[in-house]
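Structure first, then comments.
The values are calculated or read from the model by the stated rules, or taken from the named source; none is laboratory data. Quick caveat, the model's predicted, so the values are computed rather than measured. As a convention, Cβ positions derive from the backbone with ideal geometry for all residues, glycine included, and neighbour counts pool all protein chains shown.
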Amino acid sequence: MKYSMANREKLIEDLREWLKDGDSLIDLDDVRDVVSSPRLFDVTVRDLKESLVSVGDTFLDQRTMLADWPQRTYGVSLESWRILSSKTQLIGAFHHNDASVSKIQVWSFEPGSLTEMQMRLAVALTYTNAELRAESRIVGALNHVLNDLGFCLDGDRY
């Protein structure tokens, strides 16, 4: 299988065909070897007025028991960010309870173009090893949304 982006058509089916070993779930680390993370970089903004697609912890919070931070996480494509960036106030430091702050992940493609199943895998691929080690609840939440697709994260590794 060639290295691919997370929005490739029939990606999940192809991963199952190429990486499946018996009845076991496919380890997300094996998927990372052939699929790139859509997340290019993150920015933090105040008083976001746009309606954007939820990604990251906010996406997981909407589907699991993961309690998200007061700051919501949204995703946009690099192309959309170029337009949106002129209308937003970038910030650095903020109080951890400041709900006027939003985190934006800039992706290599538009997150809203994905199906629910594709989005589950794409969001999982955006987490770095450091983020997974820092918050073990994320591994559990990711397994909750990935297992029925045939994928998993090894909780002992993080």
Candidates Phe59, Phe109 - the one that is in a helix (DSSP H, G or I) and under 23 Å from Ile12 (Cα atoms): Phe59
Expected output for segment 128-148 (first residue touching a residue at least 24 places away in the same chain (Cβ under 8 Å) and within 13 Å of Thr64 (Cβ to Cβ), partner surrounded by 18 or more Cβ atoms within 10 Å (Cβ to Cβ) and of a type in the set (D, E, K, R), Cβ below 6 Å, 6+ apart or cross-chain) is Val145/Arg120
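Yes or no, residue by residue, for (1) more than 28 Å from Lys20 (Cβ to Cβ); (2) under 11 Å from the mean Cα position of the chain (by Cα); (3) of a type in the set (Val, Ile, Thr):
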position	(1), (2), (3)
Thr64	no, no, yes
Thr88	yes, no, yes
Asn97	yes, no, no
Thr128	no, yes, yes
Ser136	no, no, no
Val139	no, no, yes
Leu149	no, no, no
Asp156	no, no, no
Would you confirm whether or not segment 89-102 contains a residue that is buried (at least 20 other Cβ atoms within 10 Å of the Cβ) and under 21 Å from Ala6 (Cβ atoms)? no
Take the conditions under 16 Å from Gly112 (Cα atoms) and in contact with a Ser or Thr (Cβ under 8 Å, 6 or more places away or on another chain) and apply them to Arg46. Does it pass? no
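Residues are listed down the side, and each one gets a yes or a no for (1) in a helix (DSSP H, G or I); (2) buried (at least 20 other Cβ atoms within 10 Å of the Cβ); (3) modelled with pLDDT of 95 or more:
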{"position": "Asp21", "(1), (2), (3)": "no, no, no"}
{"position": "Val31", "(1), (2), (3)": "yes, yes, yes"}
{"position": "Lys49", "(1), (2), (3)": "no, no, no"}
{"position": "Val76", "(1), (2), (3)": "no, yes, yes"}
Among the candidates Asp47, Asp42, Asp23, residue that is within 27 Å of Asp156 (Cβ to Cβ) and either in contact (Cβ under 8 Å) with a residue 60 or more places away in the chain or not small (Gly, Ala, Ser) (or both): Asp23
Given the criterion touching a Pro at 6+ places or on another chain (Cβ under 9 Å), within 18 Å of Leu25 (Cβ to Cβ), crowded, with 17+ Cβ neighbours inside 10 Å and not small (Gly, Ala, Ser), identify the matching residue among Val53, Val123. Val123
